[in-house]
Amino acid sequence: MRIALLGTGALGTLFGVRLARVAEVWMLGTWREALEAARHHGLRLITPQGEETAFVTVAEDPAEVPPCDAALILVKAYQTERAARWALQVLKPAGIALTLQNGLGPYETLQTVLGPERAWQGVTMMGATLEAPGRARLGGEGPIWLGAPSSSRAPLEPLLARLRQAGFAVEIREDLRGVIWGKLVANTAINPVTALFDVPNGALLERPTLGRLAGAVARETASVARAQGIRLPFEDPAAFVAEVCRRTAANSSSMRQDLQRGRPTEIDALNGAVAAIGRERGIPVPLNEALWRAVKALERKRVRAPVSPPPKVRAGEIVPG
Ligand SMILES: NC(=O)C1=CN([C@@H]2O[C@H](COP(=O)(O)OP(=O)(O)OC[C@H]3O[C@@H](n4cnc5c(N)ncnc54)[C@H](OP(=O)(O)O)[C@@H]3O)[C@@H](O)[C@H]2O)C=CC1
Ligand SMILES: CC(C)(CO)C(=O)C(=O)O
């Protein structure tokens, strides 16, 4: 089976290392330093057991990639449209794409570009952090939940089998919405607050004002979910967020890391999207709206223009380091 990984970051590296054991993997992206690192030194994943290295084939031009059976979309939400178009270009006519991205919008974009029958969505509770181009640290194991009704799951089965063979704990959910919105409650509460106040997740437990703010955002996001008839996997959104902060106390949230690196954030697909749904449905969303605007303002100050690119990477032969 030939799998295209659209994404050269933390998740791309994690999935590349594990899937290379069981499939022919092509990694496509625009981040040349990561592609260069993967090409010369392999993709590297640091786990509690040590460091795993795997070689995949890399490309920055989808025209160089042979027809693939499946594509994994592992870019940030704002990069989805380009990644989806690349997936369309590299997939066989019956090939499928699966997004494991956070936030609202990426799956819909994938459906628009590929057609609903070829676009699949999942949620992963695994964590990975970038340490360097082509090198990620596993933050934690966890399931991958896939929304795949049994009536239409057949096209997804070969990819599911490879993911399981590669060691991923894949579980099927008939209805993913509760899981998606459950994660959204945590991300809309923790990510912008930790990014704006430049603190690790654990600070929301230690600083009562920040904790109360995150709890109030969690309740607001949960109210938008419930107004849509979505059953969340917890009763108390603020207690759930506090529990996530306890489990990830030492973590720097992905949004805080993005701003520290001068990279755009996923705020539009998180608080921006929740605020838009709230406004449409007449549900008060002042906190999501305010955090969205505040992070956008900080992004405008912090996000750097792309730095000059290193030499172009050619697809093809794998060159071990
Ligand atoms: N990391 C995690 O633990 C988890 C992440 N997710 C979600 O998965 C998606 C991907 O996340 P993640 O892999 O963490 O994202 P990263 O920020 O690590 O990478 C995303 C993309 O950003 C580009 N990129 C990253 N760093 C640089 C850089 N320094 N210079 C230039 N380009 C860069 C690459 O684009 P290109 O592909 O064009 O080369 C890369 O594919 C997101 O939606 C996230 O919310 C979900 C669960 C867990
Ligand atoms: C749950 C949390 C907040 C952990 O850091 C996360 O998913 C993120 O940082 O994006």
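Observations, loosely collected:
- Counted residues, the range 100-121 - those being closer than 21 Å to residue 189 by Cα and either of a type in the set (A, V, I, L, M, F, W, C) or open to solvent by less than 40 Å² (accessible area, probe 1.4 Å) (or both): 6
- For residue 141, the test of being on the phi < 0 side of the Ramachandran plot, surrounded by fewer than 14 Cβ atoms within 10 Å (Cβ to Cβ) and in the same structural domain as residue 106 (by TED's automatic domain parsing) is passed.
- Test result for residue 210, over 26 Å from residue 47 (Cβ atoms) and surrounded by 14 or more Cβ atoms within 10 Å (Cβ to Cβ): yes
- Of the strands (runs of 3 or more DSSP E) that lie entirely inside the range 85-164, not one contains 1 or more residues that are away from ligand 1 (no atom under 12 Å from the Cβ) and closer than 22 Å to residue 251 by Cβ.
- Taken together, 224, 295, 241, 274 contain a single residue that is part of a helix (DSSP H, G or I), in the same structural domain as residue 189 (by TED's automatic domain parsing), touching a Pro at 6+ places or on another chain (Cβ under 6 Å) and at pLDDT 95 or above, which is 295.
- Taken together, 229, 215 contain a single residue that is surrounded by 14 or more Cβ atoms within 10 Å (Cβ to Cβ) and more than 16 Å from ligand 1 (Cβ to nearest atom), which is 215.
- Residue match in the range 247-268 (condition: β-branched (Val, Ile, Thr), under 23 Å from the mean Cα position of the chain (by Cα) and part of a helix (DSSP H, G or I)): no
- Looking across the range 146-204, the residues that are within 16 Å of ligand 2 (Cβ to nearest atom), in contact with a helix residue (DSSP H, G or I) (Cβ under 9 Å, 6 or more places away or on another chain) and among the β-branched types (Val, Ile, Thr) come down to 180, 185, 188, 190, 193, 194, 199.
- The single residue among 53, 8, 57, 80 that is more than 16 Å from residue 167 (Cα to Cα), among the β-branched types (Val, Ile, Thr) and over 16 Å from the mean Cα position of the chain (by Cα) turns out to be 57.
- Members of the range 81-96 found to be under 9 Å from residue 4 (Cβ atoms) and among the aliphatic types (A, V, I, L, M), listed by number: 87, 90, 91
- Of all residues in the range 168-182, at least one satisfies being within 15 Å of ligand 1 (Cβ to nearest atom), open to solvent by less than 50 Å² (accessible area, probe 1.4 Å), farther than 30 Å from residue 94 by Cα and of a type outside the set (Phe, Trp, Tyr).
- Where a residue in the range 168-191 is farther than 20 Å from residue 292 by Cβ and its partner, wherever it lies, is at pLDDT below 95 and of a type in the set (Lys, Arg), with Cβ under 7 Å and at least six apart: 179/173
The values are calculated or read from the model by the stated rules, or taken from the named source; none is laboratory data. Worth saying up front: this structure is predicted, and the values here are computed from it rather than measured. Glycine also receives a Cβ, built like all others from the backbone with ideal geometry; neighbour counts cover every protein chain displayed. These accessible areas exclude ligands, DNA and RNA; they are computed on the full protein's heavy atoms, side chains included. Shrake-Rupley method; radii C 1.70, N 1.55, O 1.52, S 1.80 Å.
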